[in-house]
Amino acid sequence: MERMPKWADLILTPLISLLLAFGLSALVILAIGESPAEALKVMVTGSLGSSYGWGYTLYYTTNFIFTGLAVAIAYHAGLFNIGGEGQAAMGGLGVTLVILALPWPHWTLALPAAMAGAALFGALWALIPAWLQARRGSHIVITTIMFNFIAAAILNYLLVNVMRPVGSMDPASASFPAATHLPRLSDLALAFGITWGKNTPANITFLIALAACFAVWLLIWRSRIGYEIRAFGRSEPAALYAGISPSRIIVATMLISGALAGLMAINNVMGGGERLILNAPEGAGFIGIAVALMGRNHPLGVILAALLFGFLYQGGGQLALWTSIPRELIVVIQALVILLTGALDNMVRMPLERAFAALSRNRG
Amino acid sequence: MDFTTLITILDSAVRLMTPLLLACLAGLYSERAGVFDIGLEGKMLMAAFAAASVAFLTGSAWLGLVAGIAGSLALSLIHGLAAITFRGNQLISGVAINFLAAGLTMLLGQRIFQLGGRTPSLSGPARFGEITLPLADTLREVPVIGPIYAGLISGHSLLVYLAFALVPLTWWLLFRTRFGLRLRAVGENPASVDTAGISVTRIRYAAVLICGVLCGLAGAYLSTSIAAGFVQDMTAGRGYIALAALIFAKWRPWPALFATFLFGLLEAVANRYPDLDLGVITVSSIFMQAMPYILTVIILAGFVGRAIPPRAGGEPYVKER
Amino acid sequence: MSGAAQQEDPAPAIELRGISKAFGTVQANRGIDLTVPRGTIHGIIGENGAGKSTLMSILYGFYRPDAGQILIGGQPVTIPDSQSAIRAGIGMVFQHFKLVRNFTVLENVILGAEDGARLRPSLARARRELQRLAAEYELLVDPDTLIEDLSVGHQQRVEILKALYRQADILILDEPTGVLTPAEADHLFRILRGLRDEGKTIILITHKLREIMEITDNVSVMRRSRMVASRATAETSTAELAELMVGRKVLLRVDKAPARPGAPVLGVRGLRMTDATGVERLRGIDLEIRAGEILGIAGVAGNGQTQLLEILGGYPEPGARLSGELVLNGQALPLTGSDGRARRRAGIGHVPEDRQAEGLIMDFTAWENAAFGYHDAPEFRRGWFLDNAAMRADAAAKIEHFDVRPPDPELPAKSFSGGNQQKIVVAREVERNPDLLLIGQPTRGVDIGAIEFIHKRIVALRDAGKAVLLVSVELDEIMALSDRIAVMFDGRIMGERRPDQTTSGDLGSLMAGVDPASTDPQGAMPPAAAHPGHAPGAGA
């Protein structure tokens, strides 16, 4: 039945979907009376044309790697974790509580503790929907959506009523002490004598994100639990037959997924904002869906897709600055990417399969 | 709390529940036919924008309504294409539609009005006015019944009455007509309809398009009736609350009325009492606003009765060999 | 009226001329000719995958033939969709029922055949019509019951009623007895005879020779996408039909030495199981299997065999209530709170009934599948990780021992044929040398060559002193392999026999819930006790 080579399935289909998404976006830009070529130029120069642009691009990329991995790993277990946004928000709370709880002498000490806090809070926020799915059969897509709103409400309440420093009008936590500030990538570059990415929030979390990709790859394709996650995701009856407990896999996968989403807070709260503000994840949890879909749920694909969205996100900001195109253009692009790579996948795949079938017939 | 306040709060609840009810019924048609729809939010948003824009440009709320329905329908068609024709993932399609609406409304709004995404304020015939029912003013002074009739039942926009009328209509359509029988069958076991020689695709498209029309009404109500114009992200999660209400109502029309009323009431109370003092504890309005989500999770968990979705929901129909 | 038509109109009810259909490169039907006279029951028999279902799907408008002609009552017709098939007077009862579970019988009957936009008049007419049909054909069903509250046999009656309500003259039934108890099957046959006597034409698709002999007037045999023969049933024999089906004389005989049973390996005592819906599936099972013997469990699908295997395999369905005792090699085996993993560690291998849903992950490679369930065995694990190299080497060895083709461990399971998929599963379970092998429907959907191979391996395991519990709905397979045969009916063991001291008639009675050896009539299960609820399907 399957005539399409693996590479076409893995690379060609997402690539064509992506081109379609960009083509449609170009039409949208034309429709609002702007020039797509101009827009692309602004976006490329703004995000990739300088080390400043790159700094921001990599900062956003880091966020999207974490949320993309979170969606991807859940997908391998056949779960659609749409709650990355809430889990990332709770991760921010975890980071903040850890940082503000103790007078950390140095960031190297604060970082592991903050990572644990971020992962723990993100994981716990995924645990309840996971438990409800495993034990009560509640649809995890709906519960994670609801938990996004509940997380937003909790953070709203805490930032306005509890965590706001006395005298401040801003619904935000106190700023983190300087000792806990993470080294920026620009500092790292300076250590090698290179001036790169000055005044950008890109920080060493980027390296942690890359390490997380490798860890997830090991987990999915080399570890026993990864084997069991993939087996369960493809056939629950088979998992039962083999003695793989569905509840255990659902809970374990969602804990890992939530922890990954939560870890994003190291980048945006500890590394970037250096305090907790309202709506800190800024939709990165949802962009994770697009990233995972485009990256075909493979860590390497996630890195590439996250980089693309990092570029779009930074470029989109530049658009708003230099042209009259609002930055919401990237929301449209994001929507089209999700639509074409996720939901309209068959629209691209079916003609491709036919094309390959015709090709092999001609050759044979 | 005195009687007048009660009437005011209930009146406010009725206004706030109307978009929820319309969107909830919209979702009911779609999901009963086996097409999950988490894109209610996006369709409402698109409709709200289209309705306000056209209402402003033409000065007619009615033309605005038509535009709102058209905008919502366009997104419904995309959902139908993805979920039915190309047998894609319905949840992912819904997510995409929500983003598409969020982005497009801002892009187009900025392009047309240059007001940072909002439309100019609507007034006069560009809005759906309040309808005063016959004798409302005469009866106003009658004790108890007067305020209820004049203050609660009378004085809403046409769309409010339409939304309420849609509840029995939907019930009748679903449970007393051929169309309803086929629609429910398609959501439970599409093969039963297919082997009877009826097109599953056509029924599902019909359901998805009805869903689009109702979301269009909901969105138009938001921007041309309850408010006077469109602002960025004006649905503010109402599509998700409607989805929550649908689960709460276990995909049935009459319970949908009660669920949306409950959620409307919660919002009305939260609006009126930002910090509700219950003597022992003070309930923050934030908590009240999160209540629909919390209640839905409790319902989903099956602690208060079980919510079983239509059996073929979320599954594209593929003819078996 | 059709009875009169029989004399006046000599044209056959159905005539197919040269029907061909291919799916991609797979040719499902090649130049099929078929003539079905009006007012007869016509059997179509063939092995799984012979092309029977495709042919009937063409007749019902699911597929369009690539070539050929269809004549109904002598008139050439095209059947582009099911609606046209219904208009042409064709009704179909599918193997897997097409009913809406939470609709009433009445609603299911009118679905798609309503009289108008409002339901009430349609429902009223259908109620009257159902009463008439019930009286005429023994098709009694309460019109207001929900489908999910009906037994499988009654659900099938609803399917027949649906077709009759649409005034079908030609009724096609696809493997109708697969999920029925013998009593239900008998009732079905009575109904079918009644329909024939009223002038309806019936096509019965089956792979069971006994049914063909019992009820059909004519029979056509399909083999490898061709129609190879048509006979009047009275002028043929099971032996001839069997030969035509498989293309050569197959004696399902396995050469095996007499068993030398040793110590008891598995003991099952008073095993009872009630499923989540409250239906008692197992009603006190007692079994003993010794080392070096094969115990065959015979029975119609859905009489508790699946539940027995799942419980022994460590994964009873969620929500089930269990009681009784299991003993393995003298040690008590936990009834609940166990899982497949623990059972494997205890020395139980398990080839599940449904290899595609349970035994294999179709997207996994052969080497990943060859360790499935044993992936935490010491030789495959490295701490938290898997030793992929060891798994690959192990799979390559198994593929060689079992002659799996193509011998490529990197291919996904779904790209192997049914027989080779089953070889992967059997290799995985047998090569572990389990003390007890559970094996369900070992040769369902497996080609003849692989059947012989798999049977030989099962016997070899027995000869190595292991115990085997064989569950199969194929009586021939049970007779050929077993050293002892236990017959299951309605969650009980109806009786035990030795293969050399029984006949298929004797076993058939036991499978129908009647013990011919028992003089006490109380010992026999009344046919009315046929359990409600849906039984697991007999597979495609």
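Each value in this text was obtained by applying a stated rule to the coordinates, not by laboratory testing. None of the values given here were measured: they were computed from a predicted structure. FYI the Cβ positions are ideal-geometry reconstructions off the backbone, even for glycines, and counts take in every protein chain you see.
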Karplus couplings for the range B:203-217 from phi (6.51 cos²θ - 1.76 cosθ + 1.60, θ = phi - 60°), rounded to Hz, Gly and Pro as x?
-> 5, 5, 4, 4, 5, 5, 6, 4, 4, x, 4, 5, 5, x, 4
Phi-based couplings in Hz for the range C:21-36 (Karplus 6.51, -1.76, 1.60; Gly and Pro marked x) = 8, 10, 10, x, 9, 8, 8, 8, 9, 10, x, 7, 10, 7, 10, 10
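If I take R0 = 60 Å and measure r between the Cβ atoms of C:D363 and B:I145 in this structure, what FRET efficiency does the formula 1/(1 + (r/R0)^6) give, to the nearest 0.05?
Numbers: r = 67 Å, r/R0 = 1.12.
Calculated transfer efficiency: 0.35.
Given just the C-alpha atoms of the protein assembly as shown, how large is their convex hull per residue in cubic angstrom?
Values: hull volume 266.8 nm³, N = 1225.
Expressed per residue, the convex hull around the Cα atoms of the protein assembly as shown is 218 Å³.
Excluding the sites themselves, what is the longest stretch of chain C that contains no trypsin sites (Lys or Arg not before Pro) in a DSSP loop with at most 11 other C-beta atoms within 10 Å?
Numbers: sites that count: C:R248, C:K249, C:R253.
That would be C:254-540.
Over the range C:356-432, what is the relative contact order in whole percent, taking alpha-carbon pairs under 8 Å and six or more residues apart? Intermediate values should be presented prior to the final figure.
Working: 89 pairs, mean separation 29.6, N = 77.
Relative contact order here is 38 percent.
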What the Cα atoms of chain B span along the principal axes, largest first and in whole Å, is 69, 49, 40
In nm, spacing of pseudo-spin labels at A:A26 and B:L158 (7 Å Cα→C-beta vector) | 4.5 nm
Alpha carbon centroid spacing (whole Å) that separates the range C:139-201 from the range A:179-204 = 77 Å
In sequence order, calculated HN-Hα J values of the range C:71-87 (Karplus, 6.51, -1.76, 1.60; Hz; x Gly/Pro) | 10, 10, x, x, 9, x, 9, 10, 10, x, 8, 5, 4, 5, 4, 4, 5
How far apart, in nm, are two points set 7 Å out from the Cα along the Cα-to-Cβ line at C:S230 and at C:E243?
-> 2.2 nm
Expressed in angstrom and rounded, the centroid-to-centroid distance over alpha carbons for the range B:146-182 and the range C:420-467 is 64 Å
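Quick one: which of C:K21/C:K256; C:K208/C:K256; C:K21/C:K98; A:K6/C:K456; C:K21/C:K200; C:K256/C:K423 span more than 32 angstrom between C-alpha atoms?
Values: C:K21/C:K256 42 Å; C:K208/C:K256 26 Å; C:K21/C:K98 24 Å; A:K6/C:K456 38 Å; C:K21/C:K200 28 Å; C:K256/C:K423 21 Å.
Among C:K21/C:K256; C:K208/C:K256; C:K21/C:K98; A:K6/C:K456; C:K21/C:K200; C:K256/C:K423, the Cα-Cα distance tops 32 Å for C:K21/C:K256; A:K6/C:K456.
As a test of the definition: which semi-axes, in Å, follow for the range A:170-276 when you take the square root of five times each eigenvalue of its alpha carbon gyration tensor? Largest first, please.
Values: eigenvalues 301, 64, 13 Å².
Ellipsoid half-lengths, sorted descending, are 39, 18, 8 Å.
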What percentages, rounded to whole numbers, describe P(r) for the range A:214-319 computed over all alpha carbon pairs with 5 Å bin width beginning at zero?
-> 2, 10, 16, 21, 18, 13, 9, 6, 3, 1, 0
B:F3-B:R176 FRET efficiency (beta carbon distance; Förster radius 51 Å; 0.05 resolution) | 0.85
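Return a whole-number percent for the relative contact order of chain C, with Cα pairs under 8 Å and 6 or more residues apart as the contact set.
On the way: 1088 pairs, mean separation 81.0, N = 540.
Rounded, it is 15 percent for chain C.
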Say each of A:S50 and B:T85 gets a label point 7 Å from the Cα, pointing the same way as Cα to Cβ; how far apart are those two points in nm?
-> 4.5 nm
What's the average, rounded to a whole number, of partner chain beta-carbon atoms within 10 Å of each residue's beta-carbon in A:337-350?
-> 6
Just counting partner chain Cβ atoms within 10 Å, what average do the residues of peptide C:381-393 show around their Cβ?
-> 3
5 angstrom amide H check on C:I285, placed H, neighbours 5+ away | C:G270, C:L271, C:R272
Using DSSP to define loop residues, name the GluC sites (Glu not before Pro) in the range C:117-184 whose beta-carbon has at most 14 other beta-carbon atoms within 10 Å.
-> C:E138
Counting only residues 5 or more apart in sequence or on a different chain, those whose built amide H sits under 5 Å from that of C:S151 are C:G533
Assuming R0 = 35 Å, what is the FRET efficiency of C:A134 and B:T201, from their Cβ-Cβ distance, to the nearest 0.05?
-> 0.50
Partner aspartates and glutamates for B:K319 [C-alpha distance under 18 Å; skip if fewer than 8 residues away on the same chain] = B:E188, B:D194, C:D81, C:D174
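Relative contact order of chain B, please, whole-number percent, based on alpha carbon pairs below 8 angstrom and at least 6 residues apart.
Values: 604 pairs, mean separation 109.3, N = 321.
Over chain B, the number comes to 34 percent.
Looking at the protein assembly as shown only, what percent of DSSP beta bridges run antiparallel? Nearest 5 please.
Values: 57 of 94 bridges.
Around 60 percent antiparallel, to the nearest 5.
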Long-range share for the range C:2-246, i.e. C-alpha pairs more than 24 Å apart as a percent of all pairs, stands at 46 percent
Using alpha carbon centroids, what distance separates the range A:109-123 and the range C:386-416, in Å?
-> 43 Å
Please work out the Kirkwood hydrodynamic radius for the range A:61-286, using every pair of different C-alpha atoms, and report it in angstroms with one decimal place.
-> 18.0 Å
